[in-house]
1. Only one residue in 19, 92, 26, 77 is more than 20 Å from the chain's Cα centre (by Cα) and closer than 21 Å to residue 126 by Cβ. Which one?
2. Can you pull out every residue in the range 7-32 that is within 17 Å of residue 101 (Cβ to Cβ), modelled with pLDDT under 90 and open to solvent by less than 20 Å² (accessible area, probe 1.4 Å)?
3. Check whether at least one residue in the range 166-181 is charged (D, E, K, R), modelled with pLDDT under 95, outside any loop (DSSP other than H, G, I, E, B) and farther than 19 Å from residue 96 by Cβ, and report yes or no.
4. Does the range 170-188 hold any residues that are within 19 Å of residue 8 (Cα to Cα) and surrounded by fewer than 24 Cβ atoms within 10 Å (Cβ to Cβ), and which are they?
5. Could you check, for the range 85-100, whether at least one of its residues is among the aromatic types (Phe, Trp, Tyr) and modelled with pLDDT of 90 or more?
6. Hey, residue 159 hits all of (1) closer than 21 Å to residue 106 by Cα; (2) in contact (Cβ under 8 Å) with a residue 60 or more places away in the chain; (3) assigned to a helix (DSSP H, G or I) but one; which does it fall short on?
7. If you check 186, 181, 163, 103, which single one turns out to be over 21 Å from residue 33 (Cα atoms) and in contact with a Lys or Arg (Cβ under 7 Å, 6 or more places away or on another chain)?
8. Of the residues that sit in the range 33-43 and are more than 22 Å from residue 23 (Cβ to Cβ) and in contact with a Leu (Cβ under 7 Å, 6 or more places away or on another chain), which one is surrounded by the fewest Cβ atoms within 10 Å (Cβ to Cβ)?
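The values are calculated or read from the model by the stated rules, or taken from the named source; none is laboratory data. For clarity, every value in this text was computed on a predicted model and none was experimentally measured. Neighbour counts are summed over all protein chains in view; Cβ atoms, including those assigned to glycine, are modelled from backbone coordinates with ideal geometry. What goes into the accessible areas is simple: the full protein's heavy atoms, side chains included, and nothing from ligands, DNA or RNA. Shrake-Rupley method; radii C 1.70, N 1.55, O 1.52, S 1.80 Å.
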Amino acid sequence: MVTLSPAQALAAARLVVFDCDGVLVDTERIGPEVIAAMATAAGWPLTPGDVLEKFLGTPEPYLLAQVRAHATVPVDDSWLVEYRSRVAAAFDAAPHTMPGVPALLDALDARALAYCVASSGSHPRIRHSLTATGLWERFTGRVFSADDVREGKPAPDLFLHAAAACGVPPGECLVIEDSPAGIRAARAAGMPVLGYTGGPTPAAWLADATAGTLEDLRELLEEPTRESGCCQ
């Protein structure tokens, strides 16, 4: 049930918390194809659609554990290393942000509205993606990974950690997520959450986002907001 509109949620926010893959950078179409191919090769036949439904927004250790549990051949930690390498290579071939990201960040900077990244990806993967798209310097010092907490999404730990590190109460944040796991995590953290449907995620999967859904981040550019201090 939507309790806030995107405009109301942004106007009330002191900190915008971005997911990385599929919200800031266009990787969500790459990862499922790589996982499906590698899982199938290990004896667990999956399609990219299966991967989206099972793993979108979840931490990499969970992915590896599930592949190990279903594979018909031994799967060790090198599987995850290979997965990261294949995704990075595919992304490097054509790195780009999701539509409207640079303009939205410019607008948030102009309004002195703080923002950060809280992603299920590892720190090296997040840094690689943000560097390849020219966003790393905009988020330096405000990048939070599932590596930093005991439980990743859909647990609230990562979002609570990011808010605490930035000195902003959970209820004064706005999370922008493209995964059901991320929506559940934000809600569990007591944070308003906006579901982003500009990638491969069906809008129905994000129906529980308390601030509704948004197909194009640029729709937020003209929305009213209030001034905030910087995230430290």
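1. On the way: 19 fails: more than 20 Å from the chain's Cα centre (by Cα); 92 fails: more than 20 Å from the chain's Cα centre (by Cα); 26 fails: more than 20 Å from the chain's Cα centre (by Cα).
On inspection, the qualifying residue turns out to be 77.
2. 10, 27 - these are the residues of the range 7-32 that are within 17 Å of residue 101 (Cβ to Cβ), modelled with pLDDT under 90 and open to solvent by less than 20 Å² (accessible area, probe 1.4 Å).
3. No, there is no match, as no residue in the range 166-181 is charged (D, E, K, R), modelled with pLDDT under 95, outside any loop (DSSP other than H, G, I, E, B) and farther than 19 Å from residue 96 by Cβ.
4. Matches in the range 170-188: 170, 171, 172, 187.
5. No, the conditions are met nowhere in the range 85-100.
6. (1)
7. Values: 186 fails: in contact with a Lys or Arg (Cβ under 7 Å, 6 or more places away or on another chain); 181 fails: over 21 Å from residue 33 (Cα atoms); 163 fails: in contact with a Lys or Arg (Cβ under 7 Å, 6 or more places away or on another chain).
Sole residue among the options that is over 21 Å from residue 33 (Cα atoms) and in contact with a Lys or Arg (Cβ under 7 Å, 6 or more places away or on another chain): 103.
8. We begin by selecting, within the range 33-43, every residue more than 22 Å from residue 23 (Cβ to Cβ); these are 37-43.
Still in the running and in contact with a Leu (Cβ under 7 Å, 6 or more places away or on another chain): 39-40.
Numbers: 39: 25, 40: 13.
The residue in question is 40.
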